[in-house]
Structures are given as structure tokens and as C-alpha cells.
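The next block holds one structure in the form of C-alpha cells; read it before the comments.
The values are calculated or read from the model by the stated rules, or taken from the named source; none is laboratory data. Just so we're clear, the structure is a prediction, and the values are computed from it rather than from any experiment. Here the Cβ positions follow ideal geometry from the backbone for every residue, glycine too, while neighbour counts run over all protein chains shown.
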Amino acid sequence: MTKDPATPLWRGTVVVRVFTLCFAVVHVIAESEAYQRPWLAWTILGAMAFWTVFTGFAYWGGWGRTKPVVVADVAVICVLMALSPLTMTDLQLQYWNVPLTTTVWASVPALAAGALGGQRWGLPAALVIGLSTYLTEGALTVGLMRDVVLLMGAAVVVGLAASVGRSATMARQSSSRMAEALRAEAAAGERERLARSIHDGVLQVLARIHKRGLEVGGETAELARLAGEQEIALRALLAAPGESTEDGEVDLRSALRVLATPAVQVSAPATRVLLDSAVADELTAQVREFLSGVTGRAWVLVEDLGDEVVISIRDDGDGEREVRVQRKGVLT
Amino acid sequence: MTVSVMVVDDHPMWREGVARDLAERGFEVVATAGDAASAMRIAKAVRPNVVLMDLNLGELSGVDATLMITGELPETRVLVLSASGEHDDVLQAVKAGASGYLVKSASAEELVEAVNRTAAGDAVFTAGLAGLVLGEYRRMAAAPDDAEDKPQLTDRETEVLRLVAKGLTARQIANRLVISHRTVENHVQSTLRKLQLHNRVELARYAIEHGLDSEPEAER
């Protein structure tokens, strides 16, 4: 609650209410001689004092900055205001133009409403209080009009201040959420970078063992062969995210790169070659079948011509095979 | 004349191993570097014939270093030696100006031959790189923008690249197409040159469009 950016405004209304209460007390003391029912004036004043203390605690501490309390605030003021004329003689009321017992104290709820919900709340509250004053006094005077306009103006200013404070807080909150998201992304990026670096390191070591082992020969050559196989397997794994798209298409490159071995080279574009997953499986099976009959080296080339995908396979015995798939999914 | 070589790799074990292999086989290893920034600095100072470039170098990549070295040192050729199998990286490096690509698991003999051919100005194409380059030309052709200067392969160049991608050597291709070995090399080189030229033009256009070509002082 202490984070409410409108806190200074709420506390301001409490201070204004205490001051205006003092004014009302002085006013009642000055006028009480002439009142028709002084006891009622003092009773109203007592109620005002009680309400000032209650809203003071409610708004200052923050627990009462709610719609029910503010609505009650407006309602209580209107009731007290409506009771005020009963204190006075008809003469006071109609000719001497004596202010109501609630005086300017009655304007404070409009400010509280502004602090609660911006001008959207402040303006209607000011209008309600203005209307209540008009109904109570029973006459539309220039003085009344001026008071209502001033009250509405005050409510709008407080309301604007509250809205600006809130949107600044919201901007701060969303910018801190944004910063948090950026931090998370940076952390993920860093993890990925580390993983790449580690993978790269492992690949380097495998490649080096493969190369030096073959040069040394003998038993080491067997180690070299194993390292070479693992290097290609890891490279294929890293190159192949292997996920399928929403429409059930897969990247043909990923499927075929799994077939790469030290003797089988798979060449493909740098961009994805998307095919229906069933077609891709069928193609992969065909390539696998061809490769199973190859004893020496083999090359697989994947080409994406837009409306068709071409797979060419060749072995070093000069056996060649070409499979073309129309994007519609027809094998030819 | 001995070929001078510079080895760029962030793994000391690999860097020193390759440097030793090359030195044993008569190359002059004039420098080594462990990151892209020092690679650019040192290359300018020693002007090697061939730079053996790893791509996975950390903050600045081997692609950046390749672009700068081939841009500023027209006599120096860059041969990419990559273990990662990150295919897009390899393609980017070739577009940035590298004249060839070799996987790190290649044998010492293959490496020696590749360095010699790179020094001689030939493109070193593995089947894998040919597949990438073919794919790149097709991607550009299919791209929706109708830029007039999009590079295109001639039918013969496409034919040669496909054969390279299917594992045929330059000599086998020459025999099959009944052309000279030299012509095959020229076709392969031409496919790379067009790609690199296009890449430089694109980079320059991008720089002009985004106001990166003028000095900040000049704007005042």
C-alpha cells in the first residue's frame, strides 16, 4: 500500500479535511446564537469530526483507499449537508445566505474520489456534491455555481495527478519486467553460447584424435576411426534440431544428416528444406537403402528447387541415383 | 617460393597442432591468433598468403575477420577450417570472401593440398560447400525482391557445382564434361566470386541506406 503513487494526494485530502473542519467549527460558534436548532448544528459538527477522524485513519494509512469507503464518504457528506438546513431559521436560510454547517468541508470527498480513480471518479463525485448542495440550498445562485465549478476543477486536478502517478508506476513496473525478461534471455543466450563452445571443443578434440591417430597408425588407428565416427555423429546431432513445424513438415536435411558417416557426405542448403514428414521418412528410407549397398564412399546432395526437391546419391563406384519429389508429395 | 600461413583458432591445442603440421610440411607459419580482433591486427602486419580461419572464435566471429582481411588485403586468401558443422556460418564466411572450406577432420594431406591450392588462387570446394553455394543461389533466385543485380549461375556452372556436390574431383568433372581441368576450376571460382561481389555490394548498400558510410563529423 505504501507503494501507491497517490499517497501524497490522499494525505493531502486528510489535511484539507482537518483544516476545513476547524473552519466549520469557527463558523458554527459564530452562528450558533442565531440557529434555530443549535444542538443539531453541534451534533452535525460532532458527526463531521468523527468522520474526519475515521477517513483520516482510512486514507492516511492506506487501508481505506477503496471504492466502498470513498462512496460512503460522498454519501455521508450529502446526508450531513441535507441535515444542515434544519439547524437554521427560514430567515437565515432564505435571506441571509448563511452557509451550510458543512461549509467547504463538504468538498473533500470529491478530492478523495479523484485520488482513488482519477478524473473519472473525481468529476462525478464533484457533480454529486454540487447537486446535493443545490438541492439542499434550493436555489441556483452564482455563488453556488462558482463553488461547484471550483470543486470540479479541484477534483480534475487531483484526478490527473493521481493518474499520472499511477501510469508512471506502471511504466516503472513494466520496464522492470522487461529488464527481467532481457536478463533471462541473456542468461539463456549465455548458456547456449557455453554449450556451443563445449560442443565445439569436443568436436575439435575428436577431429584431432581422428587425424593424428590415423597418422600414427596401428592400434591408435582404431581409436582414430571411433573418434571420427563420434565426431560426425555429434556434428549431425548439433546440425539437426529435428523439430517439425505446425503443419507436420520436417526439415529433410536433419533426417538425412543422421545418415552421414566418415564415408557418407551429406550436402544441403543452409536453409531448411521442409517436406511433409511422411514424404521425408519415405525419402530417407530410400537413401538409407541405397547407402546400405555401398561399400566405399558415398555422397548425398539435397537440392530445393522450390516446387520440387531433388536428392542425388552417388558412390565412388560411380553408381548414381536421383529422386525427385514434387512439393505436392508425389515421388517420381 | 614458400607459402606463408597464419592460423586463427581459439583452441590452443588445435592451433599449435595445425601450425606444427604445416611447418613440418614446408609451409612458413608466420603467425597464429586466438581471436578475431587480433587476427585482423596481426594479418595486416604480417600479410600472409593464406589465413587458416576457424569460425567459432567468440565475440567477433571468423566471418567478421574474413570480411575484414579479404577486404583490406587483396593478396591474402582465407581458407575456412571448421569443426562445428554450422553450415550457415560456413556459407557466411564464403560470402564474406573466404576462398574455400575444409572440415577439421580432413587428413594432413588434404589440408596441405587445400592450402597449396588456396595460395595458388583456386577455390577449395568440398562437396558440402558446393551444396551450400547451390542452395544460396537458389534461395536468392526464389527471394521475392526483384533486384536486377541478383547473381545467377550459368547452366554450366550449375552443372559443375552439382558434380562437385556429388563428390567428383575437378579431374573427374573435366573428363565427364569433356572440358579442361582449368575450365572446371574457373567455373567453380566464378560461382564464388559472383557471390562475394554481390555480398560486398549488399553490405555497401546496407551501409548507405543506414547512414553508416559517412563519418559522424561529416553529418554535422
Residues in segment A:63-96 that are at pLDDT below 85 and either more than 16 Å from A:Tyr134 (Cβ to Cβ) or not assigned by TED's automatic domain parsing to the domain that holds A:Gly138 (or both): how many? 9
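On the given criteria, is B:Ala96 out of contact with any helix residue (DSSP H, G or I) (no Cβ under 7 Å at 6 or more places or on another chain), closer than 20 Å to B:Val5 by Cβ and either more than 10 Å from every other protein chain (Cβ to nearest Cβ) or touching a residue at least 40 places away in the same chain (Cβ under 8 Å) (or both)? Lay out the reasoning, then the answer.
Details: out of contact with any helix residue (DSSP H, G or I) (no Cβ under 7 Å at 6 or more places or on another chain): no; closer than 20 Å to B:Val5 by Cβ: yes; either more than 10 Å from every other protein chain (Cβ to nearest Cβ) or touching a residue at least 40 places away in the same chain (Cβ under 8 Å) (or both): yes.
Taking the combined requirement at face value, the residue does not satisfy it.
Checking the structure you have, find out if any residue of segment B:82-89 is within 14 Å of chain A (Cβ to nearest Cβ), crowded, with 18+ Cβ neighbours inside 10 Å and within 12 Å of the chain's Cα centre (by Cα).
yes
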Kindly establish whether A:Arg314 is within 11 Å of chain B (Cβ to nearest Cβ), modelled with pLDDT under 90 and assigned to a strand (DSSP E or B). no
Conditions (1) surrounded by fewer than 24 Cβ atoms within 10 Å (Cβ to Cβ); (2) modelled with pLDDT of 85 or more; (3) within 14 Å of chain A (Cβ to nearest Cβ): number failed by B:Thr70: (3)
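Evaluate the following for B:Thr126: is it among the β-branched types (Val, Ile, Thr) and farther than 26 Å from A:Ser197 by Cβ?
Numbers: among the β-branched types (Val, Ile, Thr): yes; farther than 26 Å from A:Ser197 by Cβ: no.
When the stated conditions are applied, B:Thr126 does not pass them.
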Of all residues in segment B:99-125, count the ones that are facing chain A (nearest Cβ under 8 Å) and touching a strand residue (DSSP E or B) at 6+ places or on another chain (Cβ under 7 Å). 2
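Right, A:Thr284: at the interface with another protein chain (Cβ under 9 Å from one of its Cβ atoms), surrounded by fewer than 20 Cβ atoms within 10 Å (Cβ to Cβ) and either under 26 Å from B:Ala143 (Cβ atoms) or among the polar types (S, T, N, Q) (or both) or not?
Details: at the interface with another protein chain (Cβ under 9 Å from one of its Cβ atoms): no; surrounded by fewer than 20 Cβ atoms within 10 Å (Cβ to Cβ): yes; either under 26 Å from B:Ala143 (Cβ atoms) or among the polar types (S, T, N, Q) (or both): yes.
Here the answer is no, as A:Thr284 does not meet what is asked.
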Take residues that are out of contact with any helix residue (DSSP H, G or I) (no Cβ under 7 Å at 6 or more places or on another chain), assigned by TED's automatic domain parsing to the domain that holds B:Leu102 and under 25 Å from A:Ile209 (Cβ atoms) and tell me which of the helices (runs of 4 or more DSSP H) falling wholly in segment B:1-86 contain 1 or more. B:12-24
Report yes if some residue within segment A:220-236 is within 12 Å of another protein chain (Cβ to nearest Cβ), buried (at least 16 other Cβ atoms within 10 Å of the Cβ) and among the charged types (D, E, K, R); otherwise report no. yes
